[in-house]
Ligand SMILES: Nc1ncnc2c1ncn2[C@@H]1O[C@H](COP(=O)(O)OP(=O)(O)OP(=O)(O)O)[C@@H](O)[C@H]1O
Ligand SMILES: [Mg+2]
């Protein structure tokens, strides 16, 4: 059993001294980028990344998912160099399921790669499908319009969590959804966060969404990129639509907006 009273907390994600060049070191689009996300077992953390288009937000998620290496710098996931760290799943803006496979098969896919036997794969996938609110859709093909956009993103969330339930990376996951579906998905994420306590790193351009979801917001200055501003969101952990009507929420949205305007206009 992990000892939750142990106050020594490590970082679940560490990026240090990251530099990224695509022209052999003449220009660096990312330079001196650091991001430390504390490990809070049994609690999790919701980190939101904001930054101008092209600043490097998706790149940061790709580093953490092990899909890209920076030109320079250190990346640790769960205290291990990224090469040795457990693989972390990612939810993309575009629907990323295999349309010729069912919901159940899509969600179980990472377990197939891990060599988990068929019976356990099915049990664990069904649990995850239930968690994301897709019970009853297990045998449908994971394709539009058999499933709606929101349902397809639920499949992607379930698949990412089954690979590694401690960390969930999400790159503008609700950008393509209509407003009602988007609000439902925000609430689903809150539920997941309260039930399995993952650390979520979430990229969005939507500041009200960022403030609603986040514990901590990190803002990226562009050209060259690094994180220069941090806002801790001191709203109650239990949030709902009413939270968006509170003065503190409204003040935080304005604060983050002002900082973003300042960061992206200073060049
Ligand atoms: N292979 C590459 N060669 C050259 N430049 C690249 C390459 N890959 C990414 N870039 C550049 O790196 C920068 C960061 O890209 P990234 O996709 O991370 O931005 P982003 O912040 O996610 O933007 P958006 O909000 O539009 O999704 C961009 O300016 C992009 O053009
Ligand atoms: Mg991006």
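No lab work stands behind these numbers, since they all come straight from the coordinates. Treat the numbers as computed from the prediction; the structure is a model and nothing was measured. Neighbour counts run over all protein chains shown; Cβ positions are idealised from the backbone, glycine included.
Below is a table of values for the structure above.
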{"quantity": "DSSP-defined beta bridges in the chain - what % are antiparallel, rounded to 5", "calculated": "55 percent"}
{"quantity": "Kirkwood Rh, Cα atoms: Rg over Rh of region 133-215", "calculated": "0.94"}
{"quantity": "Between helix 118-131 and the chain: long-axis angle, C-alpha atoms, 0 to 90°, nearest 10", "calculated": "60 degrees"}
{"quantity": "Top of 198, 41, 236 by mean-square fluctuation, Gaussian network on the chain, Cα under 10 Å", "calculated": "236"}
{"quantity": "Gain on full stretching of the segment that runs from residue 176 to residue 114 - 0.36 nm per residue minus C-alpha separation", "calculated": "19.2 nm"}
{"quantity": "Candidates 83, 242, 14, ranked by Gaussian network fluctuation over the chain, Cα under 10 Å, top entry", "calculated": "242"}
{"quantity": "Kirkwood-Stokes translational diffusion coefficient of region 18-106, alpha-carbon pairs, 4 °C, 1.567 mPa s, µm²/s", "calculated": "84 µm²/s"}
{"quantity": "Ranking of 28, 202 by count of other Cβ atoms within 10 Å, fewest first", "calculated": "28, 202"}
{"quantity": "Net length gained if the chain between residue 38 and residue 230 were fully extended (0.36 nm per residue, minus Cα distance)", "calculated": "67.7 nm"}
{"quantity": "Region 9-95: relative contact order in percent, alpha carbon pairs under 8 Å with at least 6 residues between", "calculated": "35 percent"}
{"quantity": "For the chain, built as a Gaussian network whose Cα springs stay under 10 Å, the top-fluctuating residue of 22, 218, 95", "calculated": "22"}
{"quantity": "Compactness relative to 2.2 N^0.38 Å, alpha carbon Rg of region 79-179", "calculated": "1.05"}
{"quantity": "Full-extension gain in nm, residue 205 to residue 126, via 0.36 nm per residue minus C-alpha separation", "calculated": "25.2 nm"}
{"quantity": "Degrees, to the nearest 10: 149-163 long Cα axis against longest axis of the chain", "calculated": "90 degrees"}
{"quantity": "Region 94-161: relative contact order in percent, alpha carbon pairs under 8 Å with at least 6 residues between", "calculated": "47 percent"}
{"quantity": "Along each principal axis, Cα extent of the chain, largest first, Å", "calculated": "53, 46, 44"}
{"quantity": "Residue 196 versus residue 223: modelled label distance in nm, points set 7 Å from Cα along the beta carbon direction", "calculated": "4.1 nm"}
{"quantity": "Separation of alpha-carbon centers, region 87-128 and region 199-267, rounded to whole Å", "calculated": "32 Å"}
{"quantity": "The chain, helix-only ellipticity at 222 nm - DSSP H runs n ≥ 4, -39,500 (n - 2.57), divided by all residues, nearest 500", "calculated": "-11000 deg cm²/dmol"}
{"quantity": "Crossing angle, helix 179-196 versus the chain [Cα axis fit, 0-90 degrees, rounded to tens]", "calculated": "80 degrees"}
{"quantity": "Using a Förster distance of 30 Å, the FRET efficiency for residue 241-residue 53 (Cβ separation, nearest 0.05)", "calculated": "0.55"}
